[in-house]
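Encoded as structure tokens, the structure appears first; notes follow it.
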Amino acid sequence: MDKPVCLITGAGAGTGAAVAKRFSQGGYQIAMLARDKTRLNGLEKEIDGACGYQCDVAEIKEFQEVLEMVRVTQGPASVAVHNAVAGRPFATVLDATPEIFEKQFRVNATALMVLAQSVAPGMIEAKKGAILVTGNTAAWRGKASYSMFAPTKAAQRILAEAMARDLGPQGIHVAHFTIDAAIDTPWTRPEFFPDAPDDFFAKPKDIADTMYYVAHQEPSAWTFSLDLRPASEKW
């Protein structure tokens, strides 16, 4: 195929789907990874040039095999987006369990390393590429009920920073996006903020537009860390 490849983990109905649509509109063929096969089938019908791969990134060997399948069938990724996230259940340090904590770490941090190890060699050979990481406010501070989630997102951010310094000189643009907001998804409003006004939420399409822009910045002015929040957000 002559189109560049954009690989996305965590291709859900919110940010992941919006990123897939935006990069498809920009001329990319899309490789979407998610656990939900039904959702992937729906996105394949909605998005031109999109192909879904059922995968749980917490299962490292399975994840590596699917990444290799994408490389063989669609070609090396020009852009890779780590959007997969594990964050539930929320718990205080006394209620946390090591098993859930370790799984969240695998999804949020270890999977990012595995993704980079898969796509970076092809990007280095091409002397260009982008690895984009969707983070959130938890990556910068620990709260009482976030004892399992915040440490894993902080590790993800620091890993991304190390990757940026390691891979940047080799032509690979690594960027971390702090989404300091509730994202407008089909489940966010009814489950957490049923009475919130529309401008309370960050829109997946707007997040995707920003990520697309950053992925195409000129190397003389790359962004690494970018905060995204609605105008009404208190911070």
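The values are calculated or read from the model by the stated rules, or taken from the named source; none is laboratory data. Bear in mind that the values here come from a model prediction, so they are computed numbers and not experimental data. Here Cβ is always computed from backbone atoms with ideal geometry, including for glycine, and neighbour counts include all displayed protein chains.
Among the residues of the stretch 204-235, the ones that are under 15 Å from the mean Cα position of the chain (by Cα) and in a loop (DSSP other than H, G, I, E, B) come to 1 in all. Remark: ALA160 matches the filter, which requires a residue to be of a type in the set (Gly, Ala, Ser) and either touching a residue at least 24 places away in the same chain (Cβ under 8 Å) or crowded, with 19+ Cβ neighbours inside 10 Å (or both). The strands (runs of 3 or more DSSP E) found wholly in the stretch 1-99 and carrying at least 2 residues that are crowded, with 16+ Cβ neighbours inside 10 Å and in contact with a Lys or Arg (Cβ under 8 Å, 6 or more places away or on another chain) occupy 50-54, 77-82.
For every residue, the table says whether it meets (1) modelled with pLDDT of 95 or more; (2) at negative phi; (3) in contact with a Ser or Thr (Cβ under 7 Å, 6 or more places away or on another chain).
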{"site": "LEU33", "(1), (2), (3)": "yes, yes, yes"}
{"site": "ARG39", "(1), (2), (3)": "no, yes, no"}
{"site": "CYS51", "(1), (2), (3)": "yes, yes, no"}
{"site": "ALA58", "(1), (2), (3)": "yes, yes, no"}
{"site": "PHE63", "(1), (2), (3)": "yes, yes, no"}
{"site": "VAL66", "(1), (2), (3)": "yes, yes, no"}
{"site": "PRO76", "(1), (2), (3)": "yes, yes, no"}
{"site": "ASN83", "(1), (2), (3)": "yes, yes, yes"}
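Of all residues in the stretch 186-195, one or more are surrounded by 15 or more Cβ atoms within 10 Å (Cβ to Cβ), farther than 18 Å from MET113 by Cα, over 16 Å from the mean Cα position of the chain (by Cα) and touching a residue at least 40 places away in the same chain (Cβ under 8 Å).
Put simply, of GLY122, GLY135 the only residue that is closer than 24 Å to LYS3 by Cα, modelled with pLDDT of 95 or more and of a type in the set (Gly, Ala, Ser) is GLY122.
Among the residues of the stretch 176-186, none qualifies, meaning not one is part of a helix (DSSP H, G or I) and either at pLDDT 95 or above or not hydroxyl-bearing (Ser, Thr, Tyr) (or both). Of all the listed residues (ALA221, ALA196), the sole one being touching a helix residue (DSSP H, G or I) at 6+ places or on another chain (Cβ under 9 Å) and among the aliphatic types (A, V, I, L, M) is ALA196. When the stretch 201-218 is limited to residues that are of a type in the set (A, V, I, L, M, F, W, C) and more than 22 Å from ARG88 (Cα to Cα), the one that is surrounded by the fewest Cβ atoms within 10 Å (Cβ to Cβ) turns out to be VAL214.
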